[in-house]
Amino acid sequence: MNGHGDLNNSHAGRTAVELTPNPAYAHRSLAIDPSDDVSEIREKYRPFILEDKYIKDDWVAELELSTAIQMVQSKILDEGLDRLRILVLYGSLRSRSYSRLLALEAARILHRLGCDVRVYNPAGLPQKDDIQHNHPKVQELRELSKWSDGHVWISPEQHGNLTGIFKQQIDWIPLSTGSVRPTQGRTLAIAQSSVPKAYTQFTSEDEGGRMLPSGNRDRLVDCMEELVKYTIVMRPHFNLFGDRYSEREERRAKEDKEKVK
């Protein structure tokens with residue numbers, strides 16, 4: 001320790017064991033092969049799939065992701081289980097939306113990690129009210145939310161808050177009775193596209209709108225890698241994580257009320 005003491009309280013930290021990357025998995029891709037994908041799903045929900053002209057410069061393909069790749073291979077694919085199902089939401093309709101660009105980069109990382117990734121397009125989603133529950137865009141969003149094992153939410157910062165477009169999506173996702181939330185029992189990763197000078201963080205539209213090397217990009221990779229690991233651990237226990245005191249009490253009160261009738 002130096003003369004300033006342990007300012008970061010590092011001595012209170014838990015000792016971590018450093019894992020050695022397995023070269024056999026380091027640069028492997030578990031992405032869904034086009035021949036195994038559903039063409040309608042690929043066209044509608046996978047706008048992150050790169051055009052051929054951009055593939056040779058794809059930075060995601062070069063990432064060392066051996067621990068997550070090996071975990072997906074052994075815990076999901078080798079066991080014959082469904083791929084992790086991840087829903088990605090973004091919060092802007094601008095033609096060059098940085099939240100959308102960031103969402104697509106996140107989706108590419110998850111795709112390489114073997115996830116079934118679906119990106120919801122919020123264009124056409126009506127304002128939240130008590131009338132338009134059967135609107136096609138509302139029903140589409142709700143079905144995707146129920147389908148998913150985990151979510152990725154990416155919104156710009158607007159006046160210190162979420163954008164209206166993004167909040168609209170959260171408001172339309174179904175909330176059950178009591179304090180149940182749409183992500184209950186699911187994993188959730190949240191990113192904000194209000195990175196410093198966002199316009200300098202991505203290549204031009206002609207170059208594919210890809211995220212440039214930076215600490216922000218590294219942290220995005222960290223976040224997606226952790227999301228996959230946690231989702232693998234949590235998914236078998238979906239019902240367990242959805243069981244909470246407040247809901248049990250609400251069910252009990254409802255049952256008692258029914259008995260009185």
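What the table below lists for this structure:
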{"item": "Positions within region 201-238 being farther than 15 Å from G185 by Cβ and either part of a loop (DSSP other than H, G, I, E, B) or of a type in the set (S, T, Y) (or both), in sequence order", "result": "Q201, T203, S204, G208, G209, R210, L212, P213, S214"}
{"item": "Residue in region 148-164 that is in a helix (DSSP H, G or I) and over 16 Å from the mean Cα position of the chain (by Cα) present", "result": "yes"}
{"item": "S66 being hydroxyl-bearing (S, T, Y) and either out of contact with any Lys or Arg (no Cβ under 9 Å at 6 or more places or on another chain) or closer than 30 Å to E143 by Cα (or both)", "result": "no"}
{"item": "Candidate set from region 93-131 (those that are among the hydroxyl-bearing types (S, T, Y) and in contact with a strand residue (DSSP E or B) (Cβ under 8 Å, 6 or more places away or on another chain)); member that is nearest to D33 (Cα to Cα)", "result": "Y120"}
{"item": "Filter pass, R108 being among the charged types (D, E, K, R), at pLDDT 95 or above, touching a Ser or Thr at 6+ places or on another chain (Cβ under 7 Å) and surrounded by 21 or more Cβ atoms within 10 Å (Cβ to Cβ)", "result": "no"}
{"item": "Any hit, region 116-128, residues being touching a residue at least 12 places away in the same chain (Cβ under 8 Å), in a loop (DSSP other than H, G, I, E, B) and touching a His at 6+ places or on another chain (Cβ under 7 Å)", "result": "yes"}
{"item": "Yes/no for A61 being touching a His at 6+ places or on another chain (Cβ under 6 Å) and either in contact (Cβ under 8 Å) with a residue 12 or more places away in the chain or polar (S, T, N, Q) (or both)", "result": "no"}
{"item": "Only listed residue being in contact (Cβ under 8 Å) with a residue 24 or more places away in the chain and loosely packed, with under 10 Cβ neighbours inside 10 Å, chosen from L30, L19", "result": "L19"}
{"item": "Residue under evaluation A24, criteria (1) modelled with pLDDT under 95; (2) within 24 Å of V152 (Cα to Cα); (3) not basic (K, R), criterion not met", "result": "(2)"}
{"item": "Selected residue (criterion: farthest from L81 (Cα to Cα)) from residues of region 239-261 that are touching a residue at least 60 places away in the same chain (Cβ under 8 Å) and assigned to a helix (DSSP H, G or I)", "result": "E250"}
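Yes or no, residue by residue, for (1) loosely packed, with under 14 Cβ neighbours inside 10 Å; (2) under 23 Å from the mean Cα position of the chain (by Cα); (3) over 30 Å from L113 (Cα atoms):
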{"position": "C223", "(1), (2), (3)": "no, yes, no"}
{"position": "I232", "(1), (2), (3)": "no, yes, no"}
{"position": "F238", "(1), (2), (3)": "yes, yes, no"}
{"position": "E250", "(1), (2), (3)": "no, no, yes"}
{"position": "A253", "(1), (2), (3)": "yes, no, yes"}
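The values are calculated or read from the model by the stated rules, or taken from the named source; none is laboratory data. Small disclaimer: the values here were computed from a predicted structure and weren't measured. We place every Cβ from the backbone using ideal geometry, glycine too, and count neighbours over all the protein chains shown.
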